[in-house]
Amino acid sequence: MPGVEALVRWQHPERGLIPPADFIPVAEETGLIMQIGEHVMRTACAQNKRWQDAGIGPFRVAVNLSMLQFHQHNLVESVRQILADTGLDPKYLELEITESMAMHNEDYIMEKLHALKRLGIHISIDDFGTGYSSLGYLKKFPVDTLKIDRSFVQDITFDLDGAAIVSAVIAIARSLSIDVIAEGVELLEQLEFLQRNQCVRIQGYLFSPPVPAELLAERLAGLRQAAASASSVPAEPFSDQRVADLDFGNV
Ligand code: MN
């Protein structure tokens with residue numbers, strides 16, 4: 001398994017678990033997203049270091065960057081500081097940006113991405129295909145991984161156009177030596193299609209729903225066992241190529 005993705009939830013004392021869609025937009029409007037983003041990155045790095053110290057992994061932890069965070073002038077310094085404070089080897093941190101963040105002011109974006117890469121971290125493009133996808137920047141920007149948006153993945157088994165788009169994106173990424181992950185994989189048929197098209201990394205419910213950080217080790221052990229006994233879980237060649245979603249509880 002190459003990595004996990006940190007997803008934030010808000011455990012509210014009276015209202016219970018609040019999904020990100022309900023509070024992230026407000027956090028973005030108010031600017032509070034800066035503190036939340038920093039907290040998530042710090043928590044994710046610290047958690048990953050704890051796992052490694054406990055002999056779990058090593059794998060990357062991916063953190064979603066918001067537009068505001070990406071454009072903050074001291075982003076690179078703040079990432080460097082978090083890595084230093086938590087002691088996580090930079091190669092085990094992955095930052096996810098979306099296409100829309102990379103749209104404007106190309107020189108500035110390029111400089112920022114290169115500065116992040118110099119830290120030794122991994123950079124991926126999230127939700128690929130939903131924004132103003134530009135093949136030009138895929139070639140120019142220092143991007144390690146492209147994550148194909150779930151909306152395309154959902155289509156691949158019953159829509160010829162959807163299937164054509166996904167296989168074309170995989171082929172382009174491969175020819176540029178960029179890794180590809182398919183997001184939102186829920187069905188075995190989707191996995192089989194992706195496999196036939198040389199996309200061996202998947203993320204989604206077929207592998208694991210989001211799980212709280214403290215349950216990850218258990219979840220991994222369960223998956224290993226299931227793969228070993230070749231039960232309902234798809235077989236071994238993929239077991240080290242999947243990405244689990246991971247839930248970081250309270251903000
Ligand atoms: Mn993401």
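Taking 41 Å as R0, compute the FRET efficiency from the Cβ-Cβ separation of ARG50 and HIS114 and round it to 0.05. Spell out each step's value before the answer.
Numbers: r = 30 Å, r/R0 = 0.74.
The formula returns an efficiency of 0.85 here.
With viscosity set to 0.692 mPa s at 37 °C, what whole-number translational diffusion coefficient in µm²/s follows for the chain from Stokes-Einstein and a Kirkwood radius over Cα pairs? Could the numbers behind the result be given before it?
Working: Rh = 18.8 Å.
In µm²/s, the coefficient rounds to 174.
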**Request:** Among SER175, SER208, SER151, SER167, rank each residue by its count of other Cβ atoms within 10 Å, from fewest to most, as a rough exposure measure.
**Result:** SER175, SER151, SER167, SER208
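Sorted from fewest to most neighbouring beta carbons within 10 Å, what does the list MET110, MET1 look like?
Numbers: MET110 15, MET1 19.
So the ranking, lowest neighbour count to highest, is MET110, MET1.
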**Asked** Rounded to the nearest 500 deg cm²/dmol, what is the calculated helix-only ellipticity per residue at 222 nm for the chain, with -39500 (n - 2.57) per DSSP H run of length n ≥ 4?
**Response** -13500 deg cm²/dmol
**Asked** For the pair SER177 and TYR205, how long in nm is the line joining their label points, each one 7 Å along Cα→Cβ?
**Response** 3.8
**Asked** Which of the lysines could a cross-linker span from LYS112 if the Cα-Cα distance has to be under 19 Å and same-chain partners fewer than 8 positions apart are dropped?
**Response** LYS91, LYS139, LYS140
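Based on the Cβ-Cβ distance from VAL26 to ALA228, what FRET efficiency comes out when R0 is 45 Å, to the nearest 0.05?
Working: r = 45 Å, r/R0 = 1.00.
Here the calculated transfer efficiency is 0.50.
Laboratory data are not the source of any read-out in this text; all were calculated from the coordinates shown. Everything quoted here is computed from the prediction, not taken from an experiment. Here Cβ is always computed from backbone atoms with ideal geometry, including for glycine, and neighbour counts include all displayed protein chains.
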